[in-house]
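The values are calculated or read from the model by the stated rules, or taken from the named source; none is laboratory data. Treat the numbers as computed from the prediction; the structure is a model and nothing was measured. Note that each Cβ is placed from the backbone with ideal geometry, even for glycine, and that neighbours are counted across all protein chains shown. With ligands, DNA and RNA removed, areas are computed over all heavy atoms of the protein, side chains included. Shrake-Rupley method; radii C 1.70, N 1.55, O 1.52, S 1.80 Å.
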Amino acid sequence: MAEEFDTGVAGLRVELDGPVATLVLDRPERRNAMTLAMWRGLPGVLDRIAARPGVRVLLVTGAQQTFCAGADIAELSEVYADPVRADAYHAENVAAEEALAAFPHPTVAVVHGACVGGGCQLAVACDLRFAAYDARFGITPAKLGVVYPAVPTVRLARLVGPARAKYLLFSGELVSAERAERFGLVDEVLPASELDQRAREFAALLAKRSPQTIGAVKAALAGGPEEAAAAVAPWERRSREAPDVREGLSAFLERREPRF
C-alpha cells in the first residue's frame, strides 16, 4: 500500500509504493499551476525522495487528470512588476528543473490533460514521458513576452531537435500527444484509462534493472558528447568490482530474473 510523506511544500505531494515514488503536482483548483514556493521547494523534496532507502524510480504526475498548466500567471504578473524579482523567479525555476534532471534514478512524467509552459519544462526534464491520448503539450512564453531561460531551451532542443524546438517556442501552440510523440517529446501514448497502470508497470520494470547501468546512462547523457567518456569512467571502474555484472550473468545462465 502506498504511503505519503509530508513534503512541507503546498502543492507538492509524494506517494511511496515500494521502489516507486510518485511526485504529484497538487493544485487542482489552478490546474496544478506552479507557484514560486513549489519551484523553490522542489529541489529539497527531490533530495528527500532520493534519500529514501529502496526508492529506485520516480513518477511525476498531476492531480485530477491534469499534469500542469504552467506557472501561476497571477503570481507571475506580480513577479514581473520588479526586474530583480523576475530574475530571482527564473533562477528558482531553472534550479528546480536542474534538480529534476539530476535525480539519481529514472524519472518518468505521466501526463494527463494539459502539460503547458513550466509543466512542459518539468516533463522535458524527466528521463521519459508517457502521455494519455487527450494530453496537450505546449511551451507558451511567446504568448506572454517572457524570454524562456537558456537551460530549458537547450534541453528541449536536445530532445526534439532545433527546428521542432523553434516550432514549439516560436508559436506557443499546443500539440496533441500523438504529434508530440512524432516530435520525440513523448515516448508512449496510451488511452487515459490505461496510462497510470502502464506507468506503474514500467516503473516496476525499471526498478528491477541494474542501478549501475542506469546511473551510467544518465551520467553519459547529462552533458555534451565530449563529456560522456569522463562521466561514465567512474561507473565503468565501479562495475569491475560491484556485484551487478556477476549477478546479471549468473541470472542469464540460470534463466532467472537478476536481483540487483
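Contact map, region 188-217: residues that are farther than 12 Å from VAL108 by Cα and basic (Lys, Arg) paired with residues that are in a loop (DSSP other than H, G, I, E, B) and open to solvent by less than 80 Å² (accessible area, probe 1.4 Å), Cβ distance under 9 Å, separation 6+ or inter-chain. Pairs shown: LYS208/PRO19; LYS208/ARG56; LYS208/PRO258; LYS208/PHE260; ARG209/ARG56; ARG209/PRO106; ARG209/PRO258; ARG209/PHE260. Residues of region 212-255 being of a type in the set (Asp, Glu) and in a helix (DSSP H, G or I), which ones? Across region 212-255, the qualifying residues are GLU226, GLU227, GLU236, ASP244, GLU247. Scanning region 29-46 for residues that are without any contact (Cβ under 8 Å) to a residue 40 or more places away in the chain and open to solvent by 30 Å² or more (accessible area, probe 1.4 Å) yields GLU29, ALA37, GLY44. Being more than 18 Å from the chain's Cα centre (by Cα), at pLDDT 95 or above and either open to solvent by less than 80 Å² (accessible area, probe 1.4 Å) or under 22 Å from ALA135 (Cβ atoms) (or both): is that true of ARG155 here? No, not satisfied.
Flag not set for GLY113, criterion: at positive phi and either of a type in the set (Val, Ile, Thr) or modelled with pLDDT under 95 (or both).
Mind listing whichever residues of region 47-64 are touching a residue at least 60 places away in the same chain (Cβ under 8 Å), open to solvent by less than 10 Å² (accessible area, probe 1.4 Å) and more than 20 Å from CYS115 (Cα to Cα)? Listed by number, the list holds a single entry, VAL57. Listed by first and then second residue, the pairs with beta-carbon distance under 8 Å, at least 6 apart or on different chains, first residue in region 153-172 and farther than 20 Å from CYS126 by Cα, second of a type in the set (A, V, I, L, M), are PHE170/ALA142; SER171/ALA142; GLY172/ILE139; GLY172/ALA142. Are any residues in region 200-214 surrounded by fewer than 16 Cβ atoms within 10 Å (Cβ to Cβ) and of a type outside the set (D, E, K, R), and if so, which ones? Across region 200-214, the qualifying residues are ALA204, LEU205, THR213. Which of the residues spanning region 71-115 are open to solvent by 20 Å² or more (accessible area, probe 1.4 Å) and in a loop (DSSP other than H, G, I, E, B)? Listed by number, the residues that qualify are TYR80, ALA81, ASP82, ALA102, PRO104, HIS105. When the criteria are applied in full, ARG182 fails the requirement of being among the charged types (D, E, K, R), open to solvent by 40 Å² or more (accessible area, probe 1.4 Å) and touching an Asp or Glu at 6+ places or on another chain (Cβ under 9 Å).
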